[in-house]
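Take a look at the structure set out below.
The values are calculated or read from the model by the stated rules, or taken from the named source; none is laboratory data. Because the structure is a prediction, the values reported are computed rather than measured. No Cβ is skipped: glycine too gets one built from the backbone with ideal geometry, and neighbour counts run over all protein chains shown.
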Amino acid sequence: MKTPTLVKTFIAASLLITAHSSMAYPKHDPNVYDLGNLWSITFYNDSAPGHTQWATQNICYLPYAVVGTHIRGKWYSTTYPNWHGHYSQEGDSVKMVGNFWGGKGNDGMTFDIVTSSRNNLGAGHWNEWGDNGRFGPVYGFGNALFKRIGYCHKITDFTQADVQIRYLTNGEQAMYPQQRGQEDIKEPSPYEKLFSQEFEIRK
């Protein structure tokens with residue numbers, strides 16, 4: 001009577017190892033880069049009853065390297081100057097960190113890619129805060145919607161210098177990427193190629 005029990009134990013252990021192995025190396029498909037590395041990110045204020053929409057920015061993901069079970073790379077914004085950071089993706093889950101104001105403003109974003117078409121959508125969270133030597137101000141804890149919208153160029157000193165300052169609808173300069181009341185993104189940067197456009201990215 002012991003033999004069947006041992007066989008069952010062996011089979012159960014084999015299934016567990018197989019399941020663990022398949023989960024340990026998730027397929028990064030789709031990933032944030034290959035099908036189009038330009039995404040938009042929109043912030044929704046999580047503390048408001050209606051989750052009020054605040055700002056939208058564009059983000060350019062740069063080529064990745066495989067690091068264990070992750071792919072990792074850098075990103076920068078094509079719509080908010082000197083805002084950039086790092087990303088790491090495992091399966092459908094993406095984590096991002098970044099800063100602005102020369103490192104005194106900070107962001108943390110996490111999202112899951114939830115659709116499989118070229119125009120992928122991602123849903124997650126976007127938190128933003130500043131450093132002032134003490135606790136620092138928190139600008140927003142919020143939900144975020146990510147959309148793959150096209151392609152973009154690698155970052156250079158010239159592309160960063162060409163990213164225009166964002167302004168609020170009242171004419172004042174936007175002080176942080178999440179800030180509510182920013183003017184709409186009027187036209188693509190020369191370093192962006194939207195899926196909806198036919199022009200070529202400037203070399």
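Quick notes on this one:
- In the stretch 140-155, residue surrounded by the most Cβ atoms within 10 Å (Cβ to Cβ) [restricted to those that are over 17 Å from residue 79 (Cβ atoms) and not small (Gly, Ala, Ser)]: 143
- Residues in the stretch 102-119 that are buried (at least 21 other Cβ atoms within 10 Å of the Cβ) and among the small types (Gly, Ala, Ser): 105 alone.
- Residue within the stretch 160-167 that is surrounded by 14 or more Cβ atoms within 10 Å (Cβ to Cβ) and hydroxyl-bearing (Ser, Thr, Tyr) present: no
- Residues of the stretch 65-123 that are of a type in the set (D, E, K, R), modelled with pLDDT under 95 and within 23 Å of residue 161 (Cα to Cα): 104 alone.
- Residue pairs meeting the criteria (Cβ under 8 Å; at least 6 apart or on separate chains; first in a helix (DSSP H, G or I), in the stretch 160-183; second among the aromatic types (Phe, Trp, Tyr)): 160/76; 162/191
- Scanning the stretch 44-62 for residues that are of a type in the set (Gly, Ala, Ser) and in a strand (DSSP E or B) yields a total of 1.
- Matching residues, the stretch 55-74, being surrounded by fewer than 21 Cβ atoms within 10 Å (Cβ to Cβ) and of a type outside the set (A, V, I, L, M): 56, 63, 64, 68, 69, 70, 72, 73, 74
- None of 102, 133 is out of contact with any Lys or Arg (no Cβ under 8 Å at 6 or more places or on another chain), in contact (Cβ under 8 Å) with a residue 12 or more places away in the chain, at positive phi and not in a strand (DSSP E or B) except 102.
- Flag for residue 111 being of a type in the set (Phe, Trp, Tyr) and farther than 25 Å from residue 68 by Cα: no
- Close pairs from the stretch 187-203: first farther than 13 Å from residue 149 by Cα and assigned to a strand (DSSP E or B), partner hydrophobic (A, V, I, L, M, F, W, C) and at pLDDT 80 or above, Cβ under 7 Å, at least 6 apart: none
- Of the residues examined, residue 122 is not one that is on the phi > 0 side of the Ramachandran plot and surrounded by 12 or more Cβ atoms within 10 Å (Cβ to Cβ).
- Count of the stretch 90-99 residues which are surrounded by fewer than 21 Cβ atoms within 10 Å (Cβ to Cβ) and either of a type in the set (Val, Ile, Thr) or part of a strand (DSSP E or B) (or both): 5
- Among the conditions (1) assigned to a loop (DSSP other than H, G, I, E, B); (2) of a type in the set (Phe, Trp, Tyr); (3) within 12 Å of the chain's Cα centre (by Cα), the only one that residue 87 does not satisfy is (1).
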